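S.K.: Quick one: this structure, given as structure tokens, is what I'll be asking you about.
The values are calculated or read from the model by the stated rules, or taken from the named source; none is laboratory data. This is a predicted model, so every value here is computed, not measured. Glycine gets a Cβ as well: all are built from the backbone with ideal geometry, and neighbour counts include every protein chain shown. What goes into the accessible areas is simple: the full protein's heavy atoms, side chains included, and nothing from ligands, DNA or RNA. Shrake-Rupley method; radii C 1.70, N 1.55, O 1.52, S 1.80 Å.
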Amino acid sequence: MSDDTGTVTQNTPRNPVTAYPQPEQPPQDQSAPGLAQEMDPKPDHGEDTYVGANRLPDRVAVVTGADSGIGRAAAIAFAREGADVVLSYLPSEEADAQEVVALVEQAGRRALAVPGDLSQEQANLDLVQKTVDAFGRVDVLVVNAGKQTAVEDIAELTTEQFDQTFRTNVYALFWVTKAAVPHMQPGASIITTSSVQAYTPSPNLLDYATTKSAINTYSKALAQQLAPKGIRVNVVAPGPFWTALQVSGGQPPEARPEFGAQAPLGRAGQPAEIAGAYVHLACAESSYTTGATLSVTGGDPTP
Ligand code: NAD
Ligand code: MG
């Protein structure tokens, strides 16, 4: 089935089991943070399918990790829903990021690319300042950048990695939200990105899983603090998604071919399949939703 123009869209009915490639994925390896454009198969971020309906008219959205994966899917959807998009990513990801800049501009919206390392406090301040300089405010803030590096044995988990995972996943969340809130008006929306790992941690993701639990708790506390200001804070908790994070150390190489197979839907999710969760929480249709977690897991149970 297709829409009235004959085009397949995110709303075209389909069987979720067979809608996308199933394991096994071909063996592959990249050094972190990896590039979506070098993955096989290439993830679907909704480039060819997402059709907007003016749900974010003239909103200013900041998305961290917007170059690839879940953040890219959110950035594409936001632009097609009418938002201007500020893209945060690491400098080494410029090739992926420029593809997203082009897609945002093709949607008729402004894109502002702000490369930087958010594990450093100043980069978070710069990201917000550049947004305010260009657009005057922040309406939607998606905190999505993340570091995940699997380590089998605690004896091999270094303090350096533990620190860097916390700086990227937790400290940056504190720094970027603290910087952005003064530039948010009532109706603004903050969306953080947790994980099923917060609830059912894998033994080889000690540091990562712990940060995801911290993100949940931080988000629920901040939601209460900001509610009187009319600023909502919600969490998206993904299950297994086919992204650069997983093939650049997030999963050990031997786990990549079968990645996603254990989910009840039998496969990894594609970033396009989670974009709608971010759109829903970003736009005014969810005006009474704050402090919530929207789990998108392919059926893996969550609390
Ligand atoms: P991804 O690699 O495509 O995106 C993560 C992005 O984080 C990178 O593109 C990079 O731009 C950014 N990033 C990492 N370190 C950074 C730093 N120091 N400074 C600035 N940016 C930095 O992978 P993804 O899976 O789309 O990840 C997005 C989010 O989803 C992460 O928070 C991840 O933990 C979460 N998540 C992913 C999965 C999954 O299975 N892929 C599952 C649960 C949660
Ligand atoms: Mg990336």
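S.K.: Enumerate the amide H contacts of residue 235 below 5 Å, restricted to partners 5 or more residues apart or on another chain; note that Pro and chain-start residues carry no placed amide H.
M.R.: Close amide H contacts, sequence-distant or interchain: 192, 292, 293, 294.
S.K.: Now, a different point. Return the distance in nm (one decimal) between the two label points of a simple spin-label model at residue 174 and residue 38, each offset 7 Å from Cα along Cα→Cβ.
M.R.: Taking the two extended label points, one gets 3.3 nm.
S.K.: Hey, any idea what % of the chain's accessible area is carbon plus sulfur with a 1.4 Å probe? Mind showing how you got there, number by number?
M.R.: Numbers: 6850 of 12890 Å².
Roughly 53 percent of what the probe reaches on the chain is carbon or sulfur.
S.K.: For residue 292, project a label point 7 Å along Cα to C-beta. Then give me every residue of segment 200-234 with its amide nitrogen under 16 Å of that point.
M.R.: Within reach of a label on residue 292, which here means backbone N under 16 Å from a point 7 Å along Cα→Cβ, segment 200-234 contributes 220, 223-224, 227, 231-234.
S.K.: What FRET efficiency do you get for residue 225 and residue 280 if R0 is 25 Å and r is their Cβ-Cβ distance, rounded to the nearest 0.05? Each step should come with its number before you reach the end.
M.R.: Working: r = 22 Å, r/R0 = 0.89.
According to the calculation, E is roughly 0.65.
S.K.: Then there's this: Can you tell me the FRET efficiency between residue 7 and residue 200 if r is taken as the Cβ-Cβ distance and R0 is 30 Å, rounded to the nearest 0.05? List each step's numbers first, then the result.
M.R.: Details: r = 38 Å, r/R0 = 1.26.
The value I calculate is 0.20.
S.K.: Now, a different point. Could you please report the charge total around residue 287, scoring K, R as +1 and D, E as -1 over all other residues with beta-carbon less than 15 angstrom from its beta-carbon? Let's see the in-between values first.
M.R.: Working: positive: 55, 59, 229, 232; negative: 139, 285.
That works out to +2.
S.K.: Find which of 288, 202, 257 sits farthest along the positive direction of the dipole of segment 56-296, computed with +1 on the beta-carbon of Lys and Arg, -1 on that of Asp and Glu, about the Cα centre.
M.R.: Of the candidates, 288 comes out farthest on the positive side.
S.K.: Please identify the GluC sites (Glu not before Pro) of segment 138-225 that satisfy two criteria: DSSP loop assignment and at most 11 other Cβ atoms within 10 Å. Which are they? Walk me through the numbers on the way to the answer.
M.R.: Working: sites: 152, 156, 160; in loops: 152.
Sparse-neighbourhood loop GluC sites (Glu not before Pro): 152.
S.K.: Right, another one. May I ask which residue of 166, 57, 104 lies farthest towards the positive end of the charge dipole of segment 56-296, with charges of +1 (Lys, Arg) and -1 (Asp, Glu) on Cβ and the Cα centre as origin?
M.R.: Checking the options against the dipole of segment 56-296, the answer is 57.
S.K.: For segment 10-67, which GluC sites (Glu not before Pro) pass both filters: DSSP loop (anything but H, G, I, E, B) and at most 13 other C-beta atoms within 10 Å? It would help to have the intermediate numbers written out before the result.
M.R.: Details: sites: 24, 38, 47; in loops: 24, 47.
The qualifying sites are 24.
S.K.: Hey, another quick one. Rounded to a whole number, what is D in µm²/s for segment 56-296 from Stokes-Einstein with the Kirkwood radius over alpha-carbon pairs (37 °C, 0.692 mPa s)? Write out the running numbers ahead of the final one.
M.R.: Details: Rh = 17.7 Å.
D, rounded to a whole number, is 185 µm²/s.
S.K.: Taking 0.36 nm per residue of sequence separation and subtracting the Cα-Cα distance, how much length would be gained by fully extending the chain between residue 162 and residue 137, in nm to one decimal? It would help to have the intermediate numbers written out before the result.
M.R.: On the way: separation 25, 0.36 × 25 = 9.00 nm, distance 3.36 nm.
Extra length from residue 162 to residue 137 when fully extended: 5.6 nm.
S.K.: Measuring with a 1.4 Å probe in the full set of protein chains, what accessible area per residue, in whole Å², belongs to the chain?
M.R.: Here the per-residue accessible area is 43 Å².
S.K.: While we're here: Over what distance in Å are the Cα centres of segment 145-202 and segment 80-104 separated?
M.R.: 20
S.K.: A further question on this structure: What value, in deg cm²/dmol to 500, does the helix sum -39500 (n - 2.57) over DSSP H runs of n ≥ 4 give at 222 nm once divided by the residues of the chain? Display every interim value, and only then the final one.
M.R.: Details: 7 runs with 86 residues, N = 303.
Mean residue ellipticity, 222 nm, calculated: -9000 deg cm²/dmol.
S.K.: Just flag the chymotrypsin sites (Phe, Trp or Tyr not before Pro) in segment 223-303 sitting in loop per DSSP whose Cβ has no more than 14 other Cβ atoms within 10 Å. Walk me through the numbers before you get to the answer.
M.R.: Numbers: sites: 241, 242, 259, 278, 288; in loops: 242, 259, 288.
Filter output for segment 223-303: 288.
S.K.: Filter 42/178; 147/178; 42/130 down to the pairs with a C-alpha to C-alpha distance above 26 Å, please. Numbers along the way, then the final one.
M.R.: Values: 42/178 35 Å; 147/178 21 Å; 42/130 31 Å.
Violating the 26 Å Cα-Cα cut-off are 42/178; 42/130.
S.K.: With labels modelled as points extended 7 Å from the Cα through the Cβ direction, what inter-label distance (nm, one decimal) is found for residue 302 paired with residue 105?
M.R.: Result for the modelled spin labels: 3.5 nm.
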